[in-house]
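> Below is one structure. I have some questions about it.
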Amino acid sequence: MTTLNFNLNNPTPFIKKYISKNNHIINKYTDLLFSDPNTTKSPQWNSLPKLTQKLAFELSLYKIENGRDYYL
C-alpha cells in the first residue's frame, strides 16, 4: 500500500498532480475556512471530494504556521 504524503513542501506525485488540477478549489475553500466558521457545514463543502477537503485543511494548517499569504 502506498502512503500519501500531504506535506505541502514535499507531496507525493499523485498529490502534486491532484493539487495542480484542483488548486483553485482548494485555495477557495481554504480562504472560506478562515472567513466563515460555517464552511464545513455547507452543502458545497460536503459535496467536495474528501481529498479536496483534506488538502484545504492541510493548507489552512500550513498558512497558520507559515503565514496566510501562501497559495497553491
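The values are calculated or read from the model by the stated rules, or taken from the named source; none is laboratory data. In this text the structure is predicted, and so the values were computed from the model without any measurement. Accessible surface areas use protein heavy atoms only, side chains included; no ligands, DNA or RNA. Shrake-Rupley method; radii C 1.70, N 1.55, O 1.52, S 1.80 Å.
> How much accessible area per residue does the chain have, counting only protein heavy atoms and a probe of 1.4 Å, in square angstrom?
Numbers: 4880 Å² over 72 residues.
That works out to 68 Å² for each residue.
> On to the next question. Cα axis of helix 13-35 to longest principal axis of the chain: angle in degrees, 0 to 90, nearest 10?
On a 0 to 90 degree scale, this one is about 20.
> (1) 1.07; (2) 1.48; (3) 1.21: which one is Cα Rg over 2.2 N^0.38 Å as calculated from this entry?
Of the labelled values, this structure produces (1).
> Sticking with this structure for a sec: Just need the relative contact order of the chain here, percent rounded to a whole number, with Cα pairs under 8 Å and 6+ apart.
Working: 47 pairs, mean separation 25.0, N = 72.
Relative CO of the chain lands at 35 percent.
> Near the amide H of Thr12, under 5 Å away, which other amide H atoms are found, from residues 5 or more places off or on another chain, if H is placed in the peptide plane?
Long-range HN contacts for Thr12: Asn5.
> Per residue of the chain, what 222 nm ellipticity follows from adding -39500 (n - 2.57) for every DSSP H run with n ≥ 4, rounded to the nearest 500? If you can, show how the numbers build up before the last one.
Details: 3 runs with 45 residues, N = 72.
Taking each H run of at least 4 residues, the total per residue is -20500 deg cm²/dmol.
> Mind pulling the angle between the C-alpha long axis of helix 50-66 and the longest principal axis of the chain? Nearest 10 degrees, somewhere in 0 to 90.
80
> On the accessible surface of the chain, probed at 1.4 Å, how many percent belong to carbon and sulfur atoms?
Values: 2650 of 4880 Å².
About 54 percent, which is the carbon plus sulfur part of the accessible surface.
> So how much slack lies between Asn38 and Asn23, counting 0.36 nm per residue of separation and subtracting their Cα-Cα distance, in nm?
On the way: separation 15, 0.36 × 15 = 5.40 nm, distance 2.14 nm.
So the chain would gain 3.3 nm between Asn38 and Asn23.
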